[in-house]
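See structure below.
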Amino acid sequence: MTEDNATTPARALLARYEDYQAAQAAVDKLADADFPVEHVSIVGWNVRIEEQVTGRMTFARAAGYGAASGAWFGLLIGLVLSLFTPGILWLWTALWAVGLGALWGAIFGLAGHGIWRGGRDFSSVQQLAAEHWDVMTSPNHLEQARTLLAEAQPQQ
């Protein structure tokens, strides 16, 4: 067995927040006040992954997503190639690259969806969620951090 305390520095609770954005805002306030934020940690408790299903993944949607990403890639390649194209031909080069990128993106999107064979017929987004978020700091910096956070609170 390894000794966890050997790699984890001692930390003291500075503040507890219900959402990550609030904990991040507190650390940002400390950074704005020139606090040595390298001594700060944000710790999530009872962390879990939440997946929100955004819709059904059909062959048409897979082709559409593939075409969109392929078009962006084609635009990038087309603009790079356009640097070496004389006159107004740079516009045609970029447009052809976007079109070819969209075509190949749609083909690869269809192929990728077809490989799953119904194993995952939905699209989704994932996020980390926690019961609460603790902002921790080293015991040597705790009082300074508390003072700075109290000063940063808006007066009511």
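Some values worked out for this structure:
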item: GNM result for the chain, Cα springs below 10 Å: residue of PRO36, PRO86, PRO139 fluctuating most strongly; result: PRO86
item: Contact order normalised by residue count of the stretch 53-156, Cα under 8 Å, 6+ apart, percent; result: 35 percent
item: Order by protection proxy (mean Cβ within 10 Å, highest first), peptides 38-47, 14-23; result: 14-23, 38-47
item: Listed residues GLY66, GLY112, GLY87, most fluctuating in the chain (Gaussian network, C-alpha, under 10 Å); result: GLY87
item: Positive-end residue of TYR17, VAL135, TRP104, charge dipole of the stretch 1-135 with Cβ unit charges; result: TRP104
item: Cα centre as origin, Lys/Arg/Asp/Glu Cβ charges: the stretch 1-140 dipole, Debye; result: 860 debye
item: On Cα atoms only, tilt of 20-32 relative to the major axis of the chain in degrees; result: 70 degrees
item: Cleavage-rule hits, GluC sites (Glu not before Pro), the stretch 56-156, DSSP coil, Cβ neighbours within 10 Å at most 14; result: GLU131
item: Projected label distance in nm at LEU79 and ALA22, using a 7 Å step from Cα toward the beta-carbon; result: 4.0 nm
item: Correct choice for Kirkwood radius over Cα pairs in Å that was computed from the model, options (1) 15.9; (2) 16.4; (3) 20.4; result: (3)
item: Cα-based helix-to-principal-axis angle, 142-152 vs the chain, degrees rounded to 10; result: 70 degrees
item: Computed label-point distance, nm, for sites ARG56 and VAL43 using a 7 Å Cα→Cβ extension; result: 4.6 nm
item: In degrees, nearest ten, helix 59-82 long axis to first principal axis of the chain (Cα); result: 90 degrees
item: Cut-off under 5 Å, modelled amide H: who pairs with ALA12 long-range; result: THR137, SER138
item: Rounded accessible area of SER138 (nearest 10 Å², 1.4 Å probe); result: 20 Å²
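The values are calculated or read from the model by the stated rules, or taken from the named source; none is laboratory data. Remember, it's a predicted structure, so these values are computed and weren't measured experimentally. When we count neighbours, we look across all protein chains shown, and the Cβ atoms used for this are built from the backbone with ideal geometry, even at glycine. Side chains are part of the model used for accessible areas, which takes the heavy atoms of the whole protein and leaves out ligands, DNA and RNA. Shrake-Rupley method; radii C 1.70, N 1.55, O 1.52, S 1.80 Å.
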